[in-house]
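The block underneath contains the structure these notes are about, expressed in structure tokens.
The values are calculated or read from the model by the stated rules, or taken from the named source; none is laboratory data. Quantities reported herein were computed from a predicted structural model and do not represent experimental measurements. All Cβ positions, even for glycine, are placed from backbone atoms using ideal geometry, and neighbour counts span all protein chains on display. Quick note on the areas: whole protein, heavy atoms, side chains included, nothing else; ligands and nucleic acids left out. Shrake-Rupley method; radii C 1.70, N 1.55, O 1.52, S 1.80 Å.
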Amino acid sequence: LGAMSYDEALEEATVSKQMLEEELGRNVVSFAYPFGTVGDFDEVTDTLLSEVGYSIAFNSIHGSIQPGMGSVSLPRIMVEGGDPPSLFELVSRGATLPWQLVDRHLWRLQRTRVERS
């Protein structure tokens with residue numbers, strides 16, 4: 001969404017939300033960016049998602065949810081089915097927070113790769 005014009009992003013968010021709601025037969029209020037790197041979202045996309053009816057959205061920036069964070073740009077912590085309980089405990093206590101540095105710069109590498117394709 002962050003790479004689209006406002007009108008394109010608005011249509012994408014609106015139509016995809018409508019499709020999901022028709023398929024599921026219920027109101028959809030949660031959104032997770034497919035990639036969610038720094039280049040995929042910003043204040044404009046946060047506002048846009050709120051406008052189309054999402055009340056919560058997750059990006060892919062590593063971290064825990066803190067008081068005062070906006071509800072349409074929340075970090076997430078990757079936990080996979082095969083992870084041992086001890087790893088879950090570490091991650092829950094902030095073990096992945098150093099990955100925020102990678103998160104903040106990875107999108108530049110991804111953009112460069114796409115531009116060269």
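Quick notes on this structure:
- Pair list, Cβ under 7 Å, 6 or more apart: the range 64-89 residue farther than 16 Å from Phe41 by Cβ, other residue among the hydroxyl-bearing types (Ser, Thr, Tyr): Ile77/Ser64; Ile77/Thr96
- The range 16-55, residues that are without any contact (Cβ under 8 Å) to a residue 40 or more places away in the chain, hydrophobic (A, V, I, L, M, F, W, C) and out of contact with any Phe, Trp or Tyr (no Cβ under 7 Å at 6 or more places or on another chain): Met19, Leu20, Leu24, Val28
- Here the range 24-41 is the region considered, the condition is being open to solvent by less than 40 Å² (accessible area, probe 1.4 Å) and not in a helix (DSSP H, G or I), and the residue that is nearest to Val72 (Cα to Cα) is Phe31.
- Selection from the range 64-95 of residues that are at pLDDT 80 or above, surrounded by 15 or more Cβ atoms within 10 Å (Cβ to Cβ) and in contact with a helix residue (DSSP H, G or I) (Cβ under 7 Å, 6 or more places away or on another chain): Val72, Ser73
- From Ile61, Ile56, residue being at pLDDT below 80, open to solvent by less than 60 Å² (accessible area, probe 1.4 Å) and aliphatic (A, V, I, L, M): Ile61
- Which listed residue, of Val44, Val72, Val79, Val15, is out of contact with any strand residue (DSSP E or B) (no Cβ under 9 Å at 6 or more places or on another chain), of a type in the set (Val, Ile, Thr) and part of a loop (DSSP other than H, G, I, E, B): Val79
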